[in-house]
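S.K.: To start, I am sharing the structure in question, which I have written as structure tokens.
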Amino acid sequence: MSRIQNNTINFRRPLVFLSLISLILLATLFSGMSTAQSKEYIPPTYEYTTNYYRGYGMPDIHASVVGDTHFERGETATLNVILSNRGILHGFKSVTDVEGDKAEQALAMKELEYETKRTIAYGIKTRLVSPTDYIEIDSSTNGQALEKLVPGDLPSRPMTFTIEISDDAPAGDYVLFLPVSYEYQEDVRMTGGRTIQLGLPEMDHATYYNNSNKTLQIPIHIEKAAQFEVVDVAGDLVAGEDRVIQVTYRNVGELTADGALARVVVMDPLSTGSSTALLGTLEPGEEHTVSFNVNSDVMAVVKDYAIDSEIRYIDEDGDYAFSENMKINVPLQSSGEWIGITQVSLLLTFLITIYLIVDSIRKKKK
């Protein structure tokens, strides 16, 4: 090669393409200064360097999810995200004519080797962002990083994020955002050993980096399902008595619940003879009312009690499914009989106290 022409290298020319492939392979074996080493120093200004080529191409970062992206409301799930680099070298343009100078030609060819690295992304940092309150990202798994990403290579393991989906999340498609920041080699210029004049170690080239930001999208889907809530509670409890409370459930989900059976769980001082009641089929938006007999102990404290409740039903696949726990808030009142006993007890206590005081005074006088 007696003269480097001042034109753009076109990858469509077979000989040029094969030559560039060889250069790329040589670049991977090149024993010069590493990226980490070269970035230990601020690169010299352009006046101490010579630019022989201008490269075209940069990293192109993409994200894909490994595994299922369909989740259920109320689920705590793991997203495994793989980043890939699809950056392409589009070509090079000679910007300095070296004529027949063999030393200059050698420097130009070496710079061309360095220029092949311009599509590598370095110092990749990313974090998952949810635009909706229905999906939360576990902070302990957020904030992921990669040292570098070479086009055509995949990381040894995916980035793992934990997401928590609200029980109230509507079914449908959602998009999570993955902002990615990195830097890449914007330009390489040969120094010709002139860095020593600046008090820097001798470097045959200077690398100039550019910062880049890109926001990727991670689509997920929340499945449709039957979902229930308690919309009304009628009746109250009386200490020492067996009372009936009526509970109205509504299917606020998107799918029909067949063979729905409501169940309550009570604890002392409450009890029930039958803890289940049949709701039947509940279409989306439909509500049914069922009754439960609840007995309360005569010594029960007067307050509002929260009774646990759930619904078992048959889902669209014909399998048994269970709702989330729902609270039934019921007030408890004192019985009139217990009020009388209390008053008598207080009166007796008062009289005994008065008697003891009077008796003590008598004894002191004697």
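S.K.: For residues in segment 238-270 being β-branched (V, I, T) and either in a loop (DSSP other than H, G, I, E, B) or within 41 Å of the chain's Cα centre (by Cα) (or both), which is surrounded by the most Cβ atoms within 10 Å (Cβ to Cβ)? Don't jump to the end; show me each part of the working.
M.R.: Just the residues of segment 238-270 that are β-branched (V, I, T), to begin with: 238, 244-245, 247-248, 252, 256, 264-266.
Those still in the list that are either in a loop (DSSP other than H, G, I, E, B) or within 41 Å of the chain's Cα centre (by Cα) (or both) too: 247-248, 252, 256, 264-266.
Working: V247: 24, T248: 14, V252: 16, T256: 17, V264: 21, V265: 12, V266: 19.
Looking at residues that are β-branched (V, I, T) and either in a loop (DSSP other than H, G, I, E, B) or within 41 Å of the chain's Cα centre (by Cα) (or both), I get V247.
S.K.: Here is a check on your reading of the model: is V330 closer than 16 Å to D232 by Cβ, surrounded by 15 or more Cβ atoms within 10 Å (Cβ to Cβ) and touching an Asp or Glu at 6+ places or on another chain (Cβ under 7 Å)? Working first, answer last.
M.R.: Values: closer than 16 Å to D232 by Cβ: yes; surrounded by 15 or more Cβ atoms within 10 Å (Cβ to Cβ): yes; touching an Asp or Glu at 6+ places or on another chain (Cβ under 7 Å): yes.
Against the criterion (closer than 16 Å to D232 by Cβ, surrounded by 15 or more Cβ atoms within 10 Å (Cβ to Cβ) and touching an Asp or Glu at 6+ places or on another chain (Cβ under 7 Å)), V330 qualifies.
S.K.: With segment 1-102 as the region, which strands (runs of 3 or more DSSP E) entirely inside it contain at least 1 residues that are at pLDDT 60 or above and surrounded by fewer than 14 Cβ atoms within 10 Å (Cβ to Cβ)?
M.R.: Numbers: elements: 53-56, 61-66, 76-85, 91-94.
Passing ranges, in order: 61-66, 76-85, 91-94.
S.K.: Also, I was wondering about something else. When you check R118 against the structure, is it at pLDDT 95 or above and basic (K, R), yes or no?
M.R.: Details: at pLDDT 95 or above: no; basic (K, R): yes.
Spelling it out, it is not the case that R118 is at pLDDT 95 or above and basic (K, R).
S.K.: If you scan segment 288-320, which residues turn out to be under 35 Å from the mean Cα position of the chain (by Cα), more than 15 Å from V266 (Cβ to Cβ) and not charged (D, E, K, R)?
M.R.: Residues of segment 288-320 that are under 35 Å from the mean Cα position of the chain (by Cα), as a first pass: 306-320.
If we keep only those that are more than 15 Å from V266 (Cβ to Cβ) too, we end up with 311-320.
Across segment 288-320, the qualifying residues are I311, Y313, I314, G318, Y320.
S.K.: From G285, G273, grab the single residue that is more than 40 Å from the chain's Cα centre (by Cα) and either more than 17 Å from A234 (Cα to Cα) or in contact (Cβ under 8 Å) with a residue 12 or more places away in the chain (or both).
M.R.: Numbers: G285 fails: more than 40 Å from the chain's Cα centre (by Cα).
None of the other options fit; the residue is G273.
S.K.: Within the bounds of segment 311-327, is there any residue that is part of a strand (DSSP E or B), in contact with a Lys or Arg (Cβ under 9 Å, 6 or more places away or on another chain) and in contact (Cβ under 8 Å) with a residue 60 or more places away in the chain? Outline the logic, then answer.
M.R.: Taking segment 311-327 as the starting set, the residues that turn out to be part of a strand (DSSP E or B) are 311-314, 320-322, 326-327.
Subset that is in contact with a Lys or Arg (Cβ under 9 Å, 6 or more places away or on another chain): 311-312, 320-322.
Filter once more, so that each one left must be in contact (Cβ under 8 Å) with a residue 60 or more places away in the chain: 311, 321.
The answer is yes, given that some residue of segment 311-327 is part of a strand (DSSP E or B), in contact with a Lys or Arg (Cβ under 9 Å, 6 or more places away or on another chain) and in contact (Cβ under 8 Å) with a residue 60 or more places away in the chain.
S.K.: While we're on this one: Taking H288 and the conditions (1) assigned to a strand (DSSP E or B); (2) on the phi > 0 side of the Ramachandran plot, which numbered condition does it fall short on, given that it satisfies the others?
M.R.: (2)
The values are calculated or read from the model by the stated rules, or taken from the named source; none is laboratory data. Every value quoted in this text rests on a predicted model; they were computed, and no experiment measured them. Quick reminder, even Gly has a Cβ in these numbers, built from the backbone with ideal geometry, and neighbours come from all protein chains shown.
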